[in-house]
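The values are calculated or read from the model by the stated rules, or taken from the named source; none is laboratory data. Every value quoted in this text rests on a predicted model; they were computed, and no experiment measured them. Positions of Cβ are backbone-derived with ideal geometry, glycine not excepted, and every protein chain shown enters the neighbour counts. For the accessible areas, the whole protein counts, side chains as well, though only heavy atoms, and no ligand, DNA or RNA atoms are used. Shrake-Rupley method; radii C 1.70, N 1.55, O 1.52, S 1.80 Å.
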Amino acid sequence: MSFDLAARLAERRAADLYRQRPLLGSPQGPLVEVDGRRLLAFCSNDYLGLANHPQVIEAWRAGAQRWGVGGGASHLVIGHSTPHHELEEALADFTGRPRALLFSTGYMANLGAVTALVGKGDSVLEDRLNHASLLDAGLLSGARFSRYLHNDAQSLASRLAKAEGNTLVVCDGVFSMDGDVADLPALCVEARRHDAWMMVDDAHGFGTLGATGGGVVEQFGLGIDEVPVLVGTLGKAFGTAGAFVAGSDELIDTLVQFARPYIYTTSQPPALACATLKSLELLRSEHWRREHLAALIARFRQGAATLGLTLMESDTAIQPILVGDSGRAMALSQALRERGILVTAIRPPTVPAGSARLRVTLSAAHEQAQVDQLLDALAQCWAQLPGEPR
C-alpha cells in the first residue's frame with residue numbers, strides 16, 4: 001500500500017478547500033504587495049499597527065547589534081539572555097501576576113502548559129470552538145478530553161460533574177474565527193465550584209481589550225484566583241513574535257520543569273525580546289490605538305448592517321462575514337481582490353461545515369476612508385455574488 005497524496009489533494013480542490021499561500025512582498029500594513037499586486041488588506045492580526053513601527057524596528061536593530069541574531073541554545077542551557085528575562089518581568093507586571101514565561105510560539109505555549117499540568121488520570125475540558133493548538137494540546141496530554149458547547153457555562157458544568165483527577169478548563173479569550181468573547185465570569189464560577197483550574201488563551205484580546213490593553217481578564221475584572229493560567233501571544237497586537245504564560249511562581253516553576261516545548265527548543269533571538277519590550281511600551285502608553293480601533297469596528301459593523309451582510313456577534317477586531325458555502329466565500333474573496341482589497345476566505349475544517357466566511361480583521365493602522373472603501377467594494381461584490389447553491 002502506498003500514500004495516494006495526489007487523490008487527497010484533488011479531493012480538497014474539488015471541495016473548494018484547497019489552501020494556498022499568498023506571497024507577501026512588503027512589510028505588514030494596510031497597503032501591502034501580495035503576489036506582485038498592491039492591495040488594501042483586511043486580514044492581518046497586527047491589530048495595533050506595531051509590526052512595522054519604526055521604534056520597534058529600531059529596538060530590534062539595536063538589540064541585534066548588542067546581543068546578536070540567535071538565541072544559541074535552550075533557555076535551560078545558555079539561551080536565557082537578559083532581554084528575555086526583562087521581557088518576562090515586564091509581561092508579569094503588565095498582567096499583574098508574579099511571573100511570566102516566554103515561549104517561541106503560541107502553539108508551543110498552549111501545548112507546553114496543558115501537557116505540563118494534566119495527564120493520564122486527569123481531565124481537560126475545552127470549548128468546542130477553541131483554537132487548534134488548544135485542542136491538540138488537550139488530545140496530546142493523555143488526560144480525559146471533553147469539549148463543552150461553545151461559550152455555554154451549563155454545558156461546562158455538566159462535564160465538570162463527570163471529571164476525574166486534576167481538572168483543567170481551557171478556552172480562548174477571543175475566539176479567532178468568530179471574534180466573540182468568552183463568557184469568562186460564568187465559566188470561572190463553574191470551574192471554581194468544581195475545584196478546577198481555568199486556563200485562558202487571550203491571543204486576540206491582549207492589547208486590544210480592557211482599560212489598559214490587558215485583555216479579556218482585565219475587561220471582566222478577573223484575577224489570578226479566577227484564571228490561574230493566562231496565555232498570550234506576541235505576534236498579534238504586540239506586532240512581534242512569540243508567546244508567554246503568566247501565573248504564580250509555582251506555575252512558572254512547574255512549566256520550566258515539565259513543559260517539553262519550552263525545555264527542548266532554542267530560545268527566541270534576544271533582539272526579538274528587545275523589540276517586544278518596545279512594542280509593549282507603545283501598547284501601554286498610546287491609548288489612542290485602541291480607541292481608534294474601536295471606532296473603526298463600530299463604523300464597519302454599522303456599514304455592514306446597512307448592506308444587509310450577516311455578521312457574527314463580535315465587538316472585537318475580528319469581524320467575520322458569514323457566507324456559508326465555501327465556493328461562494330472564495331468567489332466573494334476573489335471579487336474583492338479584483339477590486340484591490342484582500343480579505344481571506346475561511347473554510348472547513350478551520351470552521352464548521354456550512355459556515356465558510358470572510359474573516360475581516362481591522363487594525364489601528366487603518367483609516368476610516370479605507371474601511372469605507374471596503375464597505376463600498378462589499379456592496380458591489382455582494383450584489384453580484386451567485387445565489388446559494390441548491
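Scanning segment 12-69 for residues that are of a type in the set (Phe, Trp, Tyr), over 21 Å from Ser285 (Cβ atoms) and under 23 Å from the mean Cα position of the chain (by Cα) yields Tyr18, Phe42.
Within segment 339-378, the set of residues being among the small types (Gly, Ala, Ser) and either open to solvent by less than 30 Å² (accessible area, probe 1.4 Å) or not assigned by the TED database to the domain that holds Ala317 (or both) comprises Gly340, Ala345, Ser355, Ala356, Ser363, Ala364, Ala377.
For (1) over 24 Å from Asp93 (Cβ atoms); (2) at pLDDT below 95; (3) among the acidic types (Asp, Glu), each residue gets a yes or a no:
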{"position": "Leu139", "(1), (2), (3)": "yes, no, no"}
{"position": "Phe145", "(1), (2), (3)": "yes, no, no"}
{"position": "Asp152", "(1), (2), (3)": "yes, no, yes"}
{"position": "Ser158", "(1), (2), (3)": "yes, no, no"}
{"position": "Glu164", "(1), (2), (3)": "yes, no, yes"}
{"position": "Cys171", "(1), (2), (3)": "yes, no, no"}
{"position": "His204", "(1), (2), (3)": "no, no, no"}
{"position": "Val217", "(1), (2), (3)": "no, no, no"}
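Here is the figure for segment 1-33: residues that are closer than 26 Å to Ser355 by Cα, among the aliphatic types (A, V, I, L, M) and either open to solvent by less than 40 Å² (accessible area, probe 1.4 Å) or outside any loop (DSSP other than H, G, I, E, B) (or both) total 5. Scanning segment 42-68 for residues that are of a type in the set (S, T, N, Q) and in a loop (DSSP other than H, G, I, E, B) turns up Ser44, Asn45, Asn52.
Of the strands (runs of 3 or more DSSP E) lying entirely inside segment 74-169, those carrying at least 2 residues that are free of Cβ contacts under 8 Å to residues at least 40 places away in the same chain and either surrounded by fewer than 20 Cβ atoms within 10 Å (Cβ to Cβ) or in contact with a strand residue (DSSP E or B) (Cβ under 8 Å, 6 or more places away or on another chain) (or both) are 144-148.
Mind listing whichever residues of segment 42-73 are open to solvent by 20 Å² or more (accessible area, probe 1.4 Å) and of a type in the set (Val, Ile, Thr)? Within segment 42-73, Ile57, Val69 qualify.
Yes/no matrix, rows are residues, columns are (1) aliphatic (A, V, I, L, M); (2) without any contact (Cβ under 8 Å) to a residue 24 or more places away in the chain; (3) more than 18 Å from Asp16 (Cα to Cα):
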| site | (1), (2), (3) |
| --- | --- |
| Leu293 | yes, no, yes |
| Glu313 | no, no, yes |
| Ala335 | yes, no, no |
| Ser363 | no, no, yes |
| Ala369 | yes, yes, yes |
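Screening Leu336 with (1) in contact with a strand residue (DSSP E or B) (Cβ under 6 Å, 6 or more places away or on another chain); (2) open to solvent by less than 30 Å² (accessible area, probe 1.4 Å) gives one miss only, at (1). Considering only residues in segment 305-320 that are among the aliphatic types (A, V, I, L, M) and in contact with a helix residue (DSSP H, G or I) (Cβ under 7 Å, 6 or more places away or on another chain), the one that is most open to solvent (accessible area, probe 1.4 Å) turns out to be Leu307.
A quick yes/no check of all residues on (1) in a helix (DSSP H, G or I); (2) modelled with pLDDT of 95 or more; (3) not aliphatic (A, V, I, L, M):
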| position | (1), (2), (3) |
| --- | --- |
| Ala329 | yes, no, no |
| Arg337 | yes, yes, yes |
| Pro349 | no, no, yes |
| Gly354 | no, no, yes |
| His366 | no, yes, yes |
| Asp376 | yes, yes, yes |
